[in-house]
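Accompanying notes for the structure given below.
The values are calculated or read from the model by the stated rules, or taken from the named source; none is laboratory data. Values in this document were obtained by computation on a predicted structure and should not be read as measured data. For neighbour counting, all protein chains shown are included, and Cβ atoms are generated from backbone atoms with ideal geometry for every residue, glycine included.
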Amino acid sequence: MFQQSISTPNGMRRITVLQGQVRVSNDPGVELSTVLGSCVASCLFDPVAMIGGMNHFLLAEPPASHVPGEVDVHYGVYLMELLINEMLGQGAIKSRIRAHLYGGANLRAGMAPIGTANATFACSFLDQERIPLMREDLGSNCARRVDFRPATGQVRCRSVENTLAPELKSVTRTDRTAGDVELF
């Protein structure tokens, strides 16, 4: 699978985690990065095995109309299991896994609180799986950028103010003149 990767000024190799993706690594030179609004990113790591990973989910669970057994990578219920299983497959031990959660913002007033539902789901999932939550930055109305070093569990989360584009103003031309049209 294609992984977008760039080198950072400090020599780290940054891999972008997009919606519906999971990335796992034990490379101390890797940094996983994502940008979130109402989505949630779970950053899990095993400090002893020095393995960690990040997912980025759009919605917590599929709607009732979803076809049973059909996998959709945009749902947290699937991506959380996938992240844990990939980590276990690379040598992590579940009892040592620790978590960080980010995102879950409600960016637009008057819309369904999707971010709140995503954050609630992620916290509940970790609680059910008995994975300790070490740090969280959930809710509010700000987008976030998250940079996570999976081998060490180090994370940086920066809020991005929710600045909407300025209103468009319609321009009415009143100085119309008759004449030819010139195309250029």
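Pull out all pairs, ordered by first then second residue, where Cβ-Cβ is under 6 Å, the residues are six or more apart or on different chains, the first lies in the stretch 114-135 and is touching a residue at least 12 places away in the same chain (Cβ under 8 Å), and the second is surrounded by 15 or more Cβ atoms within 10 Å (Cβ to Cβ) and assigned to a helix (DSSP H, G or I).
Sorted first by the residue in the stretch 114-135, then by its partner, the pairs are Phe121/Gly76; Phe125/Met80; Leu133/Leu126.
Given Arg108, Arg130, Arg98, which one is of a type in the set (Lys, Arg), out of contact with any Gly (no Cβ under 6 Å at 6 or more places or on another chain) and within 15 Å of Pro150 (Cα to Cα)?
The unique qualifying residue is Arg98.
Does Ala117 satisfy being more than 19 Å from Val22 (Cα to Cα), in a helix (DSSP H, G or I) and aliphatic (A, V, I, L, M)?
Criteria met by Ala117.
The conditions are (1) modelled with pLDDT of 85 or more; (2) surrounded by fewer than 14 Cβ atoms within 10 Å (Cβ to Cβ), and Val71 fails exactly one of them. Which is it?
Going through (1) modelled with pLDDT of 85 or more; (2) surrounded by fewer than 14 Cβ atoms within 10 Å (Cβ to Cβ) one by one, Val71 breaks only (1).
For the stretch 38-58, give me each residue that is in contact with a Cys (Cβ under 9 Å, 6 or more places away or on another chain) and in a loop (DSSP other than H, G, I, E, B).
Scanning the stretch 38-58 gives a single hit, Leu58.
Which count do you get for residues in the stretch 37-52 that are under 21 Å from Cys123 (Cβ atoms), surrounded by 24 or more Cβ atoms within 10 Å (Cβ to Cβ) and not polar (S, T, N, Q)?
The qualifying residues number 8.
Look at the stretch 98-126 and say how many of its residues are touching a strand residue (DSSP E or B) at 6+ places or on another chain (Cβ under 8 Å), surrounded by fewer than 18 Cβ atoms within 10 Å (Cβ to Cβ) and more than 17 Å from Leu82 (Cα to Cα).
The qualifying residues number 1.
List every residue pair whose Cβ atoms sit under 8 Å apart, with the two residues 6 or more apart in sequence or on different chains, where the first one lies in the stretch 77-104 and is within 12 Å of Met50 (Cβ to Cβ) and in a helix (DSSP H, G or I) and the second, anywhere, is at pLDDT 95 or above and aliphatic (A, V, I, L, M).
Met87/Val24; Met87/Leu44; Met87/Ile51; Met87/Ile97; Arg96/Val48; Arg96/Ala49
Where residues in the stretch 120-147 are among the aliphatic types (A, V, I, L, M) and outside any strand (DSSP E or B), which of them is nearest to Leu79 (Cα to Cα)? Walk me through it before giving the result.
So the first thing to find is which residues in the stretch 120-147 are among the aliphatic types (A, V, I, L, M), and the list is 122, 126, 131, 133-134, 138, 143, 146.
Subset that is outside any strand (DSSP E or B): 122, 126, 131.
Numbers: Ala122: 11, Leu126: 13, Ile131: 15 Å.
Among residues in the stretch 120-147 that are among the aliphatic types (A, V, I, L, M) and outside any strand (DSSP E or B), the one nearest to Leu79 (Cα to Cα) is Ala122.
Residue by residue, here is whether (1) over 14 Å from Ala41 (Cβ atoms); (2) of a type in the set (Gly, Ala, Ser); (3) touching a helix residue (DSSP H, G or I) at 6+ places or on another chain (Cβ under 6 Å); (4) at pLDDT 95 or above holds:
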| position | (1), (2), (3), (4) |
| --- | --- |
| Leu88 | yes, no, no, yes |
| Arg98 | yes, no, no, yes |
| Ala105 | no, yes, yes, no |
| Ile114 | yes, no, no, no |
| Ala117 | yes, yes, no, no |
| Gln128 | yes, no, no, yes |
| Asn141 | yes, no, no, no |
| Asn162 | yes, no, no, no |
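A quick yes/no check of all residues on (1) surrounded by fewer than 15 Cβ atoms within 10 Å (Cβ to Cβ); (2) among the charged types (D, E, K, R); (3) modelled with pLDDT of 95 or more; (4) touching a helix residue (DSSP H, G or I) at 6+ places or on another chain (Cβ under 8 Å):
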residue: Asn10; (1), (2), (3), (4): yes, no, no, no
residue: Gly20; (1), (2), (3), (4): no, no, no, yes
residue: Asp27; (1), (2), (3), (4): yes, yes, yes, no
residue: Leu32; (1), (2), (3), (4): no, no, yes, no
residue: Val35; (1), (2), (3), (4): no, no, no, no
residue: Pro62; (1), (2), (3), (4): no, no, no, yes
